[in-house]
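Undergrad: Please read through the structure below; I'll follow up with questions.
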Amino acid sequence: MKIITTLFCVLLVSLTLFAQKPDEVLATANGKNYTAKDLSPEARQVWENQSKTIAEVRTNLLSQMVADALFEADAKARNVPVEKVVEEAKAKIPAPSNAQIQAVYEANRSVFGEKTLAEVKPQIVAFLNREPEQKALQTLVDSLKTKYKVTFGKDVNAPDLKTLEVLATIGTKTIPAQEFEEKQKFALYEFRADIFDAVRESLEETIYSDLVIAEAKARNIDAGELLAQEITNKMRDYSDEERFALQSALMKTLFTKYKVNFALKEPAPVVQNISVDDDPSKGSATAPVTIVMFSDFQCPACAATHPVLKKVIAEYGAKIRFVVRDFPLPMHKDSFQAALAANAANKQGKFFEYTEILYGRQNALDTASLKKYATELGLNLQKFEIDLSDEKAASEIRKDIEDGNSYGISSTPTVFVNGAKVRRLSADGFREAIERALKQ
C-alpha cells in the first residue's frame with residue numbers, strides 16, 4: 001500500500017496510461033477476468049480519478065516552470081545568482097523552536113531508533129521548515145508575477161495542444177508546449193509508472209489471494225496449510241528477506257500454473273544518456289549492460305539497496321559494468337565529506353572496499369572516523385588526508401550532483417540500467433531491468 005499512499009499524497013496520476021473503462025479487463029487468471037472492481041478501494045480510486053488529477057499535476061508542473069522563470073528573471077535583473085533569490089525568501093521565515101524540534105523527535109522515536117536528537121536535528125529542522133518555505137516562495141512568486149507581467153496562453157490540458165502554442169509568457173520569455181513536454185517528460189513518466197505500479201500491485205495481491213485458495217482446493221487442503229507448506233515450513237533464518245523470497249517464489253509458481261496474463265501495459269521507460277563520467281567502476285567498459293548508481297553514503301536506503309544490487313550484479317558476471325556516482329543529499333550533514341573520503345580511497349585503489357565500511361557505519365562519518373577507516377584499510381593516511389581536502393574532488397562531486405539533477409534525480413539511491421531508471425529497488429526489480437536491457 002506504500003505506493004498507493006504516495007500517489008494520494010502527491011496526485012501521481014496519468015491521463016494517457018489507461019482508458020478508464022470501468023469494465024476493461026486488466027488481467028486474466030484461472031479463467032477469470034479481473035477489472036477495476038477487483039482493485040482495492042485505494043487503487044480503484046486512483047484509477048477512476050486519473051483525468052482530473054493529471055490535469056492538476058500538469059497545471060502544477062507548469063506553475064513550477066513559471067516560478068523558475070521568474071526567479072531567473074529577478075536574478076538577472078539584480079545581477080545575483082538564482083540561489084540567492086530563493087534563499088533570501090527562505091531566510092525570512094523564523095527558525096523552528098527547540099520545543100517544536102523536541103516534539104517531532106519524541107513523536108518519531110520509533111523511526112529514529114537509537115539516533116540522538118543532535119544526530120537527526122538537521123532532518124527535523126528541514127521537515128519543519130518545508131511548509132513555511134513553500135509559503136514564502138509562493139508569496140515571492142505572486143509578487144514577481146506582477147513585476148514581470150506573467151500571462152497564460154493555451155491551457156496546458158487542452159486536448160488539441162500543439163507543440164508551438166504558448167502556455168505562458170514571463171516578460172519576454174515564452175514557454176511553448178514543446179518545451180513543457182520535453183522538460184517534464186521524466187516527471188510525467190514517473191506519474192504514469194506510479195499509476196501502473198499501484199494498479200499492478202493491487203491486481204497481483206488480489207490474484208495471488210484467489211490462486212492460493214484455488215491451489216489449496218486442488219491439493220485438498222486449506223489455504224493456511226498451503227502457505228505453511230510453501231513458506232513457513234521452508235524458512236531457516238526466519239528473516240523478512242527469506243519470507244519475501246519464498247512468497248515471491250510461490251506467487252511465480254501459481255501465476256505460471258494458472259496462466260496469469262496482465263492486459264495492463266507498463267509505460268515505456270524514458271531512456272536517458274547517463275554519463276559514467278570518470279567515476280569508480282567495476283566491469284568492462286564494453287559490457288552489454290551498464291548500471292549507474294547515484295548514491296549518498298549516509299543514506300539508509302542506499303545502505304540497504306547496496307548489498308541487494310551487489311548480489312544481483314554478481315549473478316551476471318562479465319555482462320555488467322557497475323558505476324557509482326555521488327549524490328550527497330543536503331539533509332545528511334556528513335554525506336559530502338563521506339563522498340570526498342570515498343574518492344580519496346579510490347585514488348589508492350580501494351573505493352569499493354572503503355564504501356563497504358561507509359554503508360556499514362553510517363552513524364559515524366565524521367572526519368576522524370573517515371580517517372580511522374582509511375587506516376583500517378591500510379591506506380596511506382597522509383595522502384588520504386590531502387585528497388580528502390582536494391577541491392578538484394569536491395568539484396567532481398558537485399558535477400555528479402548537477403548531472404543527477406539534469407536526469408531528474410531527487411532522492412537516493414537512484415539506479416539506471418542502460419539509461420533507464422529502475423523503479424523497483426529489489427532483487428527482482430534489478431533482474432527485470434537487466435534482462436530487459438540484455439534483450440535490446
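Undergrad: From the set of residues in region 171-201 that are within 30 Å of Ala29 (Cα to Cα) and touching a Phe, Trp or Tyr at 6+ places or on another chain (Cβ under 9 Å), which is surrounded by the fewest Cβ atoms within 10 Å (Cβ to Cβ)?
TA: The selected residue is Arg200.
Undergrad: Okay, next question. Limited to region 394-432, what total is found for residues that are of a type in the set (Gly, Ala, Ser) and closer than 17 Å to Val276 by Cβ?
TA: Residues that pass the stated criteria total 4.
Undergrad: Is it the case that Lys259 is of a type outside the set (A, V, I, L, M, F, W, C), within 26 Å of Tyr34 (Cβ to Cβ) and part of a helix (DSSP H, G or I)?
TA: no
Undergrad: Of all residues being among the aliphatic types (A, V, I, L, M) and more than 24 Å from the chain's Cα centre (by Cα) in region 31-63, which is nearest to Ala177 (Cα to Cα)? Just the residue, please.
TA: Ala36
For every residue, the table says whether it meets (1) in contact (Cβ under 8 Å) with a residue 12 or more places away in the chain; (2) out of contact with any Cys (no Cβ under 9 Å at 6 or more places or on another chain); (3) more than 30 Å from Gly317 (Cα to Cα).
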site	(1), (2), (3)
Thr375	no, yes, yes
Asn380	yes, yes, yes
Lys383	yes, yes, yes
Ser395	no, yes, yes
Ala433	yes, yes, no
Arg436	yes, yes, no
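Undergrad: Go through (1) touching a Lys or Arg at 6+ places or on another chain (Cβ under 9 Å); (2) in contact (Cβ under 8 Å) with a residue 40 or more places away in the chain one by one and return the number of the condition Tyr359 breaks.
TA: (1)
Undergrad: Same structure again: Check Ala218, Ala168 and return the single one that is aliphatic (A, V, I, L, M) and surrounded by fewer than 17 Cβ atoms within 10 Å (Cβ to Cβ). It would help to see each step written out before you state the result.
TA: Working: Ala168 fails: surrounded by fewer than 17 Cβ atoms within 10 Å (Cβ to Cβ).
None of the other options fit; the residue is Ala218.
Undergrad: Say whether the condition of being part of a loop (DSSP other than H, G, I, E, B), out of contact with any Phe, Trp or Tyr (no Cβ under 8 Å at 6 or more places or on another chain) and of a type in the set (D, E, K, R) is met by at least one residue in region 229-241.
TA: Yes, region 229-241 contains a residue that is part of a loop (DSSP other than H, G, I, E, B), out of contact with any Phe, Trp or Tyr (no Cβ under 8 Å at 6 or more places or on another chain) and of a type in the set (D, E, K, R).
Undergrad: Could you run through region 250-280 and say how many residues are outside the structural domain of Ala29 (by TED's automatic domain parsing) and among the hydroxyl-bearing types (Ser, Thr, Tyr)?
TA: 1
Undergrad: Which of the helices (runs of 4 or more DSSP H) found entirely inside region 297-409 contain at least 2 residues meeting this: more than 26 Å from the chain's Cα centre (by Cα) and hydroxyl-bearing (Ser, Thr, Tyr)?
TA: Of the helices (runs of 4 or more DSSP H) lying wholly inside region 297-409, those with at least 2 residues that are more than 26 Å from the chain's Cα centre (by Cα) and hydroxyl-bearing (Ser, Thr, Tyr) span 367-376.
Undergrad: Which one is farthest from Ile357 (Cα to Cα) among residues in region 294-321 that are of a type in the set (A, V, I, L, M, F, W, C) and crowded, with 21+ Cβ neighbours inside 10 Å?
TA: Within region 294-321, the match that is farthest from Ile357 (Cα to Cα) is Ile320.
Undergrad: Here's another thing I want to ask about it. Do the conditions hold for Pro267, that is, is it within 30 Å of Thr116 (Cα to Cα), in contact (Cβ under 8 Å) with a residue 60 or more places away in the chain and in contact with a Phe, Trp or Tyr (Cβ under 8 Å, 6 or more places away or on another chain)?
TA: So Pro267 fails the test.
Undergrad: While we're here: Does region 196-203 include one or more residues that are under 30 Å from Lys421 (Cβ atoms), of a type in the set (A, V, I, L, M), touching a strand residue (DSSP E or B) at 6+ places or on another chain (Cβ under 9 Å) and in the same structural domain as Met65 (by TED's automatic domain parsing)? So that I can check it myself, show each step before the final result.
TA: Here is the first cut: in region 196-203, the residues under 30 Å from Lys421 (Cβ atoms) are 196-203.
This time we only want the ones that are of a type in the set (A, V, I, L, M), so: 198-199, 203.
From what's left, touching a strand residue (DSSP E or B) at 6+ places or on another chain (Cβ under 9 Å): 203.
Imposing the further condition that a residue be in the same structural domain as Met65 (by TED's automatic domain parsing) reduces the set to none.
Within region 196-203 (the criterion being under 30 Å from Lys421 (Cβ atoms), of a type in the set (A, V, I, L, M), touching a strand residue (DSSP E or B) at 6+ places or on another chain (Cβ under 9 Å) and in the same structural domain as Met65 (by TED's automatic domain parsing)), the answer is no, since none of the residues qualifies.
Undergrad: For Gly429, indicate whether it is part of a loop (DSSP other than H, G, I, E, B), small (Gly, Ala, Ser) and out of contact with any Leu (no Cβ under 9 Å at 6 or more places or on another chain).
TA: On the way: part of a loop (DSSP other than H, G, I, E, B): no; small (Gly, Ala, Ser): yes; out of contact with any Leu (no Cβ under 9 Å at 6 or more places or on another chain): yes.
No; evaluated as a whole, the condition is false for this residue.
Undergrad: Here is a further query. May I ask you to list the residues in region 410-421 that are in contact (Cβ under 8 Å) with a residue 60 or more places away in the chain and within 12 Å of the chain's Cα centre (by Cα)?
TA: The answer is Ser411, Thr412, Pro413, Thr414, Val415, Phe416, Lys421.
Undergrad: Select from region 95-117 the residues that are touching a residue at least 24 places away in the same chain (Cβ under 8 Å) and of a type outside the set (D, E, K, R) and write down the one among them that is surrounded by the fewest Cβ atoms within 10 Å (Cβ to Cβ).
TA: So the residue we want is Ala95.
The values are calculated or read from the model by the stated rules, or taken from the named source; none is laboratory data. None of the values given here were measured: they were computed from a predicted structure. Cβ atoms come from the backbone with ideal geometry, glycine included; neighbour counts cover every protein chain shown.
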